[in-house]
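What follows is a set of notes on a single structure, which appears directly below.
The values are calculated or read from the model by the stated rules, or taken from the named source; none is laboratory data. Worth saying up front: this structure is predicted, and the values here are computed from it rather than measured. When we count neighbours, we look across all protein chains shown, and the Cβ atoms used for this are built from the backbone with ideal geometry, even at glycine. Surface areas here come from the heavy atoms of the whole protein model, side chains and all, with no ligands, DNA or RNA. Shrake-Rupley method; radii C 1.70, N 1.55, O 1.52, S 1.80 Å.
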Amino acid sequence: MEKSNSFELFINKHFKISLIFLFLGMVFGIIYSTNLLGFYIDSQTLNPADMRSLHISLMLYGFVPLMLSYLPFLLINKEGVKSSSGLYYLNLYTVFWYIFLVFMVSSLLFGNTRGLAFYDFPYELNFILAISGLFYIIALIKYIKAYEKIPLWIKVCLRVTIIAPFALLILMNPVIGQVESTISGPHGDNTLGMSLALIPIYYLIIKLLNNTPFKARWNILWIIPTLFYATSVLYRSFIGHLTYELEWFLQWLTFLYIPLLYKWYKDSNITKESKRALLISILAFLFVDIEGNILFIPEFRWIFHRNDLIIAHAHVAMGIGVFFMVIAMFTQYIKELKKTIFYSFYLSGLLGIFTVLSISGFIQAEVFKGDIYYLWMFRTFFGVVTLLSLYSFISFKLNLTALQKYNLFGVLADGLGGIFLILFASFLYPLLGFGFKGSYEYIVFAFVSVTGIIHFFALANKEYEKILTKLTVITRVFISSIFFALYYNHTLGFEALLISLFDIIFASAYLIFFIKRIFYVLKNSTYIFYSFRALLLSFDCTNRNCGIFCIRCLSNCAFTYRRNYRFSFKL
């Protein structure tokens, strides 16, 4: 891999890997939506409250924030600055973020929640994020060292990222943090702060996408809200709660962002695909800003704040506004983002969800009458439409080799099968007459999923295909033997024998159909063959006085032939 394109390959790879968590977030959202319709499976890991937490947490901590965090490095790459060590630490940052997401999904899947609206996973997981943030800081420092003159925006980014891991641990702390104190009440300064956080991101995105140097104008429109927000945070932290009127005033300061973003977008010089995505994001942001301020009026807020209208509002804010910030950033790197079909399906789904939930909100507020059950059915349908937009990123290779088909079946059987068992085993096992304790079984299912992941790596990496496939075979034989032993000493039931049979049959299929040379068959494989060859060669023996059955000549010729045609046993 050339250094000139290593960053582009890094971005392309992790963009698509992180889409897995976006996919999971959508799936859990659809499951929760079907739960509200009354379709519920009595599974230990499919509790409706946990499905809601998983959906929200993956949307807030999965694909979108991880991709947004690459923004400074996209700008650095645009300026032609390279750093192999910086890219190494950026990769570590990403991997630890994935580890955090895996821990978060597992924790919420088994009901380890905090009872919060947004940050519902165990607080201790924030330490994994903080470790990830430290690698981010190191990566940024490595890239900064490659600059001859450090730009001001990078200096600001570095200071913010240095503060971020420590601020995260403090703000999320259940005792001294601000999370619990901002989940009730008007919290206008909190809304102002969230909006304010997006303004520098918009600036950097426009700076990234602009074909010419971008100069921001009308900066006073973000300076004023910033000063008021900083003051409100200090007041609430050291003095006391803000009054409703003061929070209302702070909320309405977000109106200043409307002319500011209009001016920045008008002054930009961006290519067609990127500008389309950026326009969608800005329009969604401005809509949410205006609608949010209207809903903040006390007479409206008390009837709408806890119903489906606010949920619809959040879908536009995060699902369109912030999501398309990411899409705008990566249009030049990801070819699939140029496909119209992606925009058609995704926007149709999100706008459909927004529409039906908004109508449901008005019905819940008794503005007019109707049956929200049918609206929730449409919400589920539009959720599926949104999920189908990810089909744009999937490519199928139909002309698979026999070994690739073997690994593909392994992905489906073990990878998806393991996930299926994690989600549904506590419901299915009793129906099938198997015992289910709900503890060690999930560890087994996790191992099953990992075997499927190894099959996937074998399928995706041609150069490592054989060795990774052999690794799955060794794993299956070992696991099969353990389950067989546990079945016969009556530790586990009949399901253990089924698992043992499945694994040994799967492994045997590889040994029978894909290993063609355990030993080199006949040719060059036995001393008998060498002796026979030597017998023929003895006719040309330099010692003309000996016969063709000279034992010494036979031995010498056989040894010479074997040495010259030595081979290695290759599995």
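Laid out as a table, the results:
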{"item": "Accessible area (Å², per residue) of the chain, counting only protein heavy atoms and a probe of 1.4 Å", "result": "53"}
{"item": "Answer label for volume of the Cα convex hull per residue in Å³ (calculated), chosen among (i) 141; (ii) 216; (iii) 206", "result": "(ii)"}
{"item": "Farthest toward positive dipole pole in the chain [+1 Lys/Arg, -1 Asp/Glu at C-beta], among 483, 144, 295", "result": "144"}
{"item": "0 to 90° range, to nearest 10: angle between helix 465-488 axis and the chain longest Cα axis", "result": "90"}
{"item": "Loop-located chymotrypsin sites (Phe, Trp or Tyr not before Pro) in region 318-424, at most 13 other Cβ atoms within 10 Å (DSSP)", "result": "368, 396"}
{"item": "Between 0 and 90°, nearest 10: helix 372-388 axis offset from the chain longest Cα axis", "result": "50"}
{"item": "Dimensionless Rg/Rh of region 309-357 - Kirkwood Rh, Rg from C-alpha atoms", "result": "1.04"}
{"item": "For region 381-484, with +1 on Lys and Arg beta carbons and -1 on Asp and Glu, the positive-most of 419, 472, 451 along the dipole", "result": "472"}
{"item": "Residue 88/residue 227 FRET efficiency (R0 45 Å; Cβ-Cβ; nearest 0.05)", "result": "0.70"}
{"item": "Full-stretch length increase - residue 509, residue 40 - with 0.36 nm per residue and alpha-carbon distance subtracted", "result": "165.0 nm"}
{"item": "Pairwise FRET efficiency - residue 16 versus residue 477, Cβ, R0 = 41 Å, nearest 0.05", "result": "0.80"}
{"item": "Computed [θ] at 222 nm, deg cm²/dmol, the chain (DSSP H ≥ 4; -39,500 (n - 2.57); rounded to nearest 500)", "result": "-23000 deg cm²/dmol"}
{"item": "Label point 7 Å beyond Cα of residue 287 along Cβ direction - residues of region 316-341 with amide nitrogen under 15 Å", "result": "316-325"}
{"item": "Positive dipole terminus of the chain, leading residue within 39, 322, 355 (C-beta point charges)", "result": "322"}
{"item": "Efficiency of FRET from Cβ geometry, residue 124 and residue 368, R₀ 60 Å, rounded to 0.05", "result": "0.80"}
{"item": "Apportionment of accessible area to carbon and sulfur, the chain, percent (1.4 Å)", "result": "70"}
{"item": "Estimated D of region 33-84 in µm² per second, where Rh is the Kirkwood radius over Cα pairs and Stokes-Einstein applies at 25 °C, 0.890 mPa s", "result": "174"}
{"item": "Relative contact order of the chain, defined on C-alpha pairs under 8 angstrom at six or more residues apart (%)", "result": "11"}
{"item": "D_trans [Stokes-Einstein, Kirkwood Rh over alpha-carbon pairs] for region 189-326, 4 °C, 1.567 mPa s, µm² s⁻¹", "result": "81"}
{"item": "Angle in degrees between helix 257-267 and the longest Cα principal axis of the chain, rounded to the nearest 10", "result": "60"}
{"item": "Point-charge dipole on Cβ atoms (K/R +1, D/E -1) for region 292-405, about Cα centre, debye to 20", "result": "540"}
